[in-house]
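Report on the structure given below.
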Amino acid sequence: MTDIVGNWVLDIDWDCDGRYDGFLHLTFSANGTWAIKGDFPHRGRWFHNQGLIIWTFNDVKDIVYTANLSGSSMSGIQGYTKSKGKKGCFGGRKVELFEKVAETDPKAKRRDPAIGK
């Protein structure tokens with residue numbers, strides 16, 4: 001069974017159209033909470049059973065992420081539970097330390113990749 005507790009990097013693709021929307025540095029804690037730090041911080045709750053993980057946000061209404069776990073990687077979908085809500089997909093991997101990723105143009109308007117807005 002995969003140990004979900006630890007640091008993960010997720011590549012986000014809202015609309016599952018092959019266009020990369022950003023990445024998340026996500027930490028799952030043993031107490032059933034998770035956190036994203038950085039420019040767009042978020043927190044929430046998670047649970048997992050038999051290779052499937054589901055997490056929700058404390059600060060964003062109606063959004064759910066779910067993924068299949070396999071070793072130190074995961075692949076899944078995310079979306080808003082409301083009618084005609086935005087949907088997407090993602091892949092991720094467990095890491096010891098978060099990698100430094102090149103910054104985008106600081107003048108460009110950035111969207112929060114976790115919530116697709």
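Of everything in segment 73-92, what is open to solvent by 100 Å² or more (accessible area, probe 1.4 Å) and either at pLDDT below 95 or hydroxyl-bearing (S, T, Y) (or both)? Give them in sequence order.
The answer is K82, S83, K84.
Give me the residue from segment 51-72 that is among the polar types (S, T, N, Q) and at pLDDT below 95 and, out of that set, surrounded by the most Cβ atoms within 10 Å (Cβ to Cβ). Give the steps one after another, and end with the answer.
Within segment 51-72, the first condition is being among the polar types (S, T, N, Q), and the residues that meet it are 56, 58, 66, 68, 70, 72.
When the remaining residues are screened for being at pLDDT below 95, the result is 70, 72.
Numbers: S70: 10, S72: 13.
That would be S72.
Restricting to segment 32-50, name every residue that is open to solvent by less than 20 Å² (accessible area, probe 1.4 Å) and assigned to a loop (DSSP other than H, G, I, E, B). Break it down into steps so the answer makes sense when it comes.
In the first step, residues of segment 32-50 are kept if they are open to solvent by less than 20 Å² (accessible area, probe 1.4 Å); the result is 32, 34-36, 42, 44.
If the condition is that a residue be open to solvent by less than 20 Å² (accessible area, probe 1.4 Å) and assigned to a loop (DSSP other than H, G, I, E, B), then G32 is the only one that fits.
Scan segment 13-60 for residues that are over 12 Å from I115 (Cβ atoms) and among the aromatic types (F, W, Y) and jot them down.
Hits for segment 13-60 are Y20, F23, F28, W34, W46, F47, W55.
Could you list, ordered by first residue, the pairs with Cβ atoms under 8 Å in which the first is in segment 51-77 and over 15 Å from A35 (Cα atoms) and the second is charged (D, E, K, R), at least 6 apart or interchain?
D62/K82; S72/R93; S72/K94; S73/R93; S73/K94; M74/R93; I77/K87
Within segment 18-28, how many residues are at pLDDT 95 or above and surrounded by fewer than 18 Cβ atoms within 10 Å (Cβ to Cβ)?
Of the residues in segment 18-28, 1 are at pLDDT 95 or above and surrounded by fewer than 18 Cβ atoms within 10 Å (Cβ to Cβ).
The values are calculated or read from the model by the stated rules, or taken from the named source; none is laboratory data. These numbers come from a predicted model, not from an experiment. Note that we place each Cβ from the backbone using ideal geometry, even for glycine, and neighbour counts take in every protein chain shown. Accessible surface is based on the protein model in full, side chains and every heavy atom, while ligands, DNA and RNA are left aside. Shrake-Rupley method; radii C 1.70, N 1.55, O 1.52, S 1.80 Å.
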